[in-house]
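The values are calculated or read from the model by the stated rules, or taken from the named source; none is laboratory data. It should be emphasised that the depicted structure is a prediction, and the values quoted were computed from it without experimental measurement. Here the Cβ positions follow ideal geometry from the backbone for every residue, glycine too, while neighbour counts run over all protein chains shown.
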Protein chains: 2
Amino acid sequence: MEKKLAELKRRLLEIDDLNGATAVLNWDQATYMPPAGAAARGRQLATLSQLAHEKFIDPEIGKLLDDLRPYAESLPYDSDDASLIRVTRRQYDKSTKVPAALLGAFFQHSAATYQAWTQARPANDFTAVQPYLEKTLDFSRQIANCFPGYDHIADPLIDFSDEGMKAESVRALFSELRTQLVPIVQAIIAQPEADNSCLHHSFPEADQLAFGKKVIEAYGFDFKGGRQDKTHHPFMTKFALGDIRITTRVKTNDLSEALFSTLHEAGHAMYEMGVSENLDGTPLASGASSGVHESQSRLWENLVGRSLPFWQHYYPELQAAFPEQLGIVSLDTFYRAINRVERSLIRTDADEVTYNLHVMIRFDLELALLEGSLAVKDLPDAWQARYQSDLGLQAPDNRDGVLQDVHWYSGTIGGAFQGYTLGNIMSAAFFDRALAAQPAIMAEIGRGEFATLHGWLKENIYQHGAKFTANELIERVTGGELSIDPYIRYLRTKFGALYNLS
Amino acid sequence: MEKKLAELKRRLLEIDDLNGATAVLNWDQATYMPPAGAAARGRQLATLSQLAHEKFIDPEIGKLLDDLRPYAESLPYDSDDASLIRVTRRQYDKSTKVPAALLGAFFQHSAATYQAWTQARPANDFTAVQPYLEKTLDFSRQIANCFPGYDHIADPLIDFSDEGMKAESVRALFSELRTQLVPIVQAIIAQPEADNSCLHHSFPEADQLAFGKKVIEAYGFDFKGGRQDKTHHPFMTKFALGDIRITTRVKTNDLSEALFSTLHEAGHAMYEMGVSENLDGTPLASGASSGVHESQSRLWENLVGRSLPFWQHYYPELQAAFPEQLGIVSLDTFYRAINRVERSLIRTDADEVTYNLHVMIRFDLELALLEGSLAVKDLPDAWQARYQSDLGLQAPDNRDGVLQDVHWYSGTIGGAFQGYTLGNIMSAAFFDRALAAQPAIMAEIGRGEFATLHGWLKENIYQHGAKFTANELIERVTGGELSIDPYIRYLRTKFGALYNLS
C-alpha cells in the first residue's frame, strides 16, 4: 500500500510540476512577455496543459486510486492521506468523465469566442458574439450531461469551481440575501452621496506600490516566497508553495485601484501560502473552492482593509506618504470615501453593498439560459431588465452591459459567478468566528497588527488546503450550514453607521 | 513521406514547446523568482527537461528519421527539409548513444558539484571540490567513450557544443594564435598603461540601461520580440522566435560592465532573431555552434561596439547622457579606456587581446586532464604555471585561479571553453567578408547605422540557423577553412594604432 501511495504521489508531483510551469508561463505572459511572443506562448501553454491532463487521466492513476480506497477508508477522514485519495478521486472522476474530444472542441471554441469578444466588446456588438455564445451554451449543457444524476443542469458546472454547492441551495441563499440587501441599498441611496474626490488626486505609482507592499507585509504576505508585479488585470498565481505571486494595476488618479486590489490578491496569496507543507505538490495544495478563496481575498480587502480600526492605524501613514494630496483630508472623509456606496453598471467597480446584486443577476441569468427559459438572443434585454429592477439603472449599451465580463466568453455558462457572492457571505461567517474566538482581533487591527487573525485563519482554514469541500469547511469552522446572517449583520453595522441608517 | 515529415515536425514542435517552457522557468529563476521558490523550481525544471529528453529519444523519432533518409537525400543539401532531417538525426544519435542511467547519474553529480563549488570558491578551497572534479573527469571520459572511433577523447565532448570541430585541429589553430598573440601582448605591455579612470565615476543605473537600450535598438534588436532584464550574470535566452531575451548587470562605478554585456548579449539575440521563420519550432531554429554564436556576440560587442567609428557617432550621445562624468573627457581618452589591454587574472574581465590566452590555457588543461597527462590534484599548480608563462601573472589564490569559472563545476571537462576563442577568430573572419562585400559598412557604423551589416549577417549567417555546422558555414561564407589571419590583422591594426606598435 505504501508503494502504491508513493507511486500516486510521484505521479501527482510530476503533474504539479507541469501545472507550476504552466502558471509561470501564464504569469510571464501577463507581466513581461513582449508582444511577438504571444503565438508561441499560446502553443507552449496548450502543450503543457495537454501533457498535464494526459498524465492525470492516465488509467494507471484510476487504478492506484481504486487500490488505495480501502486504505483511505481505514484512516481518519481528515488525515492527509485519506484526504489526498478522496479528493484526487473526485478530481479524477471529473477529469475522466468529460470525453477528451468534447473537451478539446470546447477549448478550441472558447479560444475563438474569447477572440471574438475582444473585438465585440469595444465595438458594442452583441450580435457578433451571439452565435458563439449559443454554441457555448450548447457545450455547457453537453459538459453538464457528462455527469448524469444532477438535480439541476447547472450543478455539475457549479461543482467544478465550488464543489458540493448546488443550484437550488445557492439560489435559495441568494434570494434571501437579495431580500435583505435591496432595502439596505435603497436606504443608503436616499442619503446624501459620500464625497470620494480625495481619492482622485494624482498619486505617483511608486509611492502607491510601496504603501500597498508595506500593508501586505504587515498582513503576513511573505516576500521571501512571493512577489508583486503589474498587469492589466490583477490576479494571484501559485508556482509552488514557496513562490506565490500577485499582480496589481495602478491608476495615478485613483488611489483605491492599486491599494484594494493589492489587499485583495494578498488575501488569495496568504491562503495559498498557509497551506500545510505536508500537502505540497498534491491536488490538496490549493484553496477549498472558488468561494472559500474569495472569502479570504474579501476578508483582507474589506473586513480588514476597509474597516475603521485599520485606517485609524494606517491613515496617518498614508497621509505621510501623500502629504500634499491627503494632508488636509480627515480620516472620516477618507473612510467614507473608500466605503462610498453607489449604484453602478460595472461589477468590478462596485462597492461592498451593491457588488452582490451584480453577481446574483449573472447567476440567475446563467440558470435561466441553462434551463432554456431564456434564449441567448434575448440575453441583452434580460440583462437590462434586471439592472433596471435590481439596481434602478439603464446601461447605455451592451459594452457596459452583457459584454462587460470575460467569464461567459472564455468558459462555460454556469458556475462562473456564484463564487464571488458565496465568498462575501463566507468572509463574514469566518470573520465572525475568528472574532468570537479571539476578541482582541479588532483592537490589534487598530494597532496595525494582524498576527492573531492570520494565525486563526491559518489554523482553521489555510492549513487544510483542499482537504475539505466548502460546506465541510464551513461546518467545521462555524458549526453549521452557510448562513447570510453574519454578513448582513456586518453590512448593517458598518453601513448603518456610515449612512445613519436606523 | 509528407505524413512522416509532418509527424516528425509535430513531435519536434512539442519538444520545442517544452524546451521553450524550460527557458522561461530558467529566465524567471535568474530574474524575478523569490528565494523560497528555488527548491520547487529545480524540480519543475528537472521534470520538463526529463519529459523533453524522453520525447526526443523516443524510438519512433529514430524510425521516422530512418524512413525519411531517402527523402532527405533526394533534396538539395541546404534545403530546409534535408537539413532538418540531417541535423535532427545527428542530435538524435548523440542523445540516444549516452545511456539514460549514465546521463542521469552525471546530472546528479553535476548538481552536487555545482553546490560544492558555490561554497569552495569563496572559501578558496580546491581540495573540497577535488574529489568531485575527479569524478567529473571520469564521467567525461565515460560520456566520450559512448562515441567510439574518435581521434581524441575530447572530440565527442567538443562536438556537443562545436559540432565537427576536433581537438587536434583546434589545438593547431590555437597554437598558431598563441604564437602570434604573445608578442602583441608583450609589445603592448611595454607601452604606458591606458587611463580608464573615466569609466569609474558614478553612473546611475537607469541612465546606463537607457543608453544600452538605445544602441541595441539601433543595432536591430527587436523589442517587440524581446526584452532586457537584470541578473547576476548576463545571458541570452530564447523562448520562441518572437520572444528572445537578454539580461545584464549594472555596476554604477563601472560604465563598461552593463554597456558591453548588453552589446554582447544583443549580438547573441540578433542571431536567434534572424533565424528563418521556416525553421521555427525545430532543432534548426538556433545557432550553428557555440563558436558561431560567440562570433556574433563578439562582433557586435567588439568589432562594432569598441570601434572608433562607432564611438565617433555615439560618444557625443554618451556625453550628453552623462555630462558631469564625461563632459570633459575626450573621445580619444574614452576610446583608449574601453580598449585598454592589461594582463589580468579573470577571464571574464579580460580585454580583446589577452582574452584568448585565458581560454587557451583552459582548453589545453582540459585536454591534458582527459589524456591523463595531468591529474586533477595537480590542476591548481598547472593552472598557476600556465598563467605565469602565458600572462606573466601569479594568482594569489585558487579562488581567482582554478576555481574562477563555473564550467568544469557544472558540466563535463572537455568542450567547455574552445567556443569562446573560436568565436573571436570567426568574428573577424565573418566581419572581413562583410566588409569586402559591403565596403560602406564602416562609414555607416560611423553614422550609427547598422542595417547593411545586420542585413549581410542575416543573409549569410542568421537565417540558416543550425542548418550548417560551423565548418560548413565558414566554408560557405569565407570560401575556405577557418583562418586566424583576419583576426590577427584586426588586432594588429586596431591595437597597433592604439599602442603605437610598429
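Computed values, structure above
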read-out: Long-range neighbours under 6 Å by Cβ, at least six apart or interchain, first residue touching a residue at least 24 places away in the same chain (Cβ under 8 Å) and under 15 Å from A:Lys494 (Cβ atoms) within the stretch A:329-341, second in a loop (DSSP other than H, G, I, E, B) and aliphatic (A, V, I, L, M); value: A:Arg336/A:Ala194; A:Arg340/A:Ala194; A:Val341/A:Val353
read-out: Single unsatisfied condition, A:Leu157 versus (1) crowded, with 17+ Cβ neighbours inside 10 Å; (2) touching an Asp or Glu at 6+ places or on another chain (Cβ under 8 Å); value: (2)
read-out: Scope the stretch B:62-114; condition of a type in the set (Phe, Trp, Tyr) and outside any helix (DSSP H, G or I); matching residues; value: B:Tyr77
read-out: Within the stretch A:232-338, helices (runs of 4 or more DSSP H) holding 2 or more residues that are over 30 Å from A:Arg89 (Cα atoms) and charged (D, E, K, R); value: A:331-338
read-out: The stretch A:217-235, residues that are away from chain B (no Cβ under 14 Å) and among the hydrophobic types (A, V, I, L, M, F, W, C); value: A:Ala218, A:Phe235
read-out: Test: residue in the stretch B:2-15 that is buried (at least 19 other Cβ atoms within 10 Å of the Cβ), more than 7 Å from every other protein chain (Cβ to nearest Cβ), in contact (Cβ under 8 Å) with a residue 40 or more places away in the chain and charged (D, E, K, R); value: no
read-out: Unique residue being of a type in the set (S, T, N, Q), assigned by TED's automatic domain parsing to the domain that holds A:Arg447 and under 28 Å from A:Val170 (Cβ atoms) when the list is A:Thr262, A:Thr237; value: A:Thr237
read-out: Of all residues in the stretch A:45-71 being β-branched (Val, Ile, Thr) and either more than 7 Å from chain B (Cβ to nearest Cβ) or surrounded by fewer than 17 Cβ atoms within 10 Å (Cβ to Cβ) (or both), the one that is farthest from A:Lys230 (Cα to Cα); value: A:Ile61
read-out: Some residue of the stretch A:420-434 being more than 22 Å from A:Tyr355 (Cα to Cα), modelled with pLDDT of 95 or more and in the same structural domain as A:His233 (by TED's automatic domain parsing); value: yes
read-out: Filter result for B:Ile158 (under 30 Å from B:Ile328 (Cβ atoms), of a type outside the set (Ser, Thr, Tyr) and part of a helix (DSSP H, G or I)); value: no
read-out: Pairs with Cβ under 6 Å, 6+ apart, first in the stretch B:239-256 and touching a residue at least 12 places away in the same chain (Cβ under 8 Å), second among the basic types (Lys, Arg); value: B:Ile244/B:Lys238; B:Arg245/B:Arg227
read-out: Number of positions in the stretch A:353-387 that are hydroxyl-bearing (Ser, Thr, Tyr) and either more than 25 Å from the chain's Cα centre (by Cα) or farther than 23 Å from A:Ile488 by Cβ (or both); value: 1
read-out: Close pairs from the stretch B:448-469: first at negative phi and in the same structural domain as B:Glu294 (by TED's automatic domain parsing), partner among the charged types (D, E, K, R) and surrounded by 19 or more Cβ atoms within 10 Å (Cβ to Cβ), Cβ under 6 Å, at least 6 apart; value: B:Thr469/B:Glu163
read-out: Positions within the stretch B:164-173 being surrounded by fewer than 22 Cβ atoms within 10 Å (Cβ to Cβ) and more than 18 Å from B:Gly372 (Cβ to Cβ), in sequence order; value: B:Gly164, B:Lys166, B:Ser169, B:Ala172, B:Leu173
read-out: In the stretch B:27-44, the residues that are surrounded by fewer than 18 Cβ atoms within 10 Å (Cβ to Cβ) and either more than 11 Å from chain A (Cβ to nearest Cβ) or closer than 24 Å to B:Ile57 by Cα (or both); value: B:Ala30, B:Gly42, B:Arg43
read-out: Residue selected from the stretch A:397-429 under the condition of a type in the set (A, V, I, L, M) and in a helix (DSSP H, G or I), by the criterion nearest to the chain's Cα centre (by Cα); value: A:Leu422
read-out: Test for B:Phe203: is it aromatic (Phe, Trp, Tyr), touching a residue at least 40 places away in the same chain (Cβ under 8 Å) and not assigned by TED's automatic domain parsing to the domain that holds B:Asn356; value: no
read-out: Residue check, A:Arg121 touching a residue at least 12 places away in the same chain (Cβ under 8 Å), under 21 Å from A:Gln404 (Cα atoms) and among the basic types (Lys, Arg); value: yes
read-out: Failed criterion for A:Thr412 (all others in (1) in contact with a Leu (Cβ under 9 Å, 6 or more places away or on another chain); (2) surrounded by fewer than 16 Cβ atoms within 10 Å (Cβ to Cβ) hold); value: (2)
read-out: Conditions (1) away from chain B (no Cβ under 14 Å); (2) farther than 26 Å from A:Phe322 by Cα; (3) surrounded by fewer than 21 Cβ atoms within 10 Å (Cβ to Cβ); number of the one not met by A:His268; value: (3)
read-out: Residue selected from the stretch B:218-231 under the condition out of contact with any Pro (no Cβ under 9 Å at 6 or more places or on another chain) and in a helix (DSSP H, G or I), by the criterion surrounded by the fewest Cβ atoms within 10 Å (Cβ to Cβ); value: B:Ala218
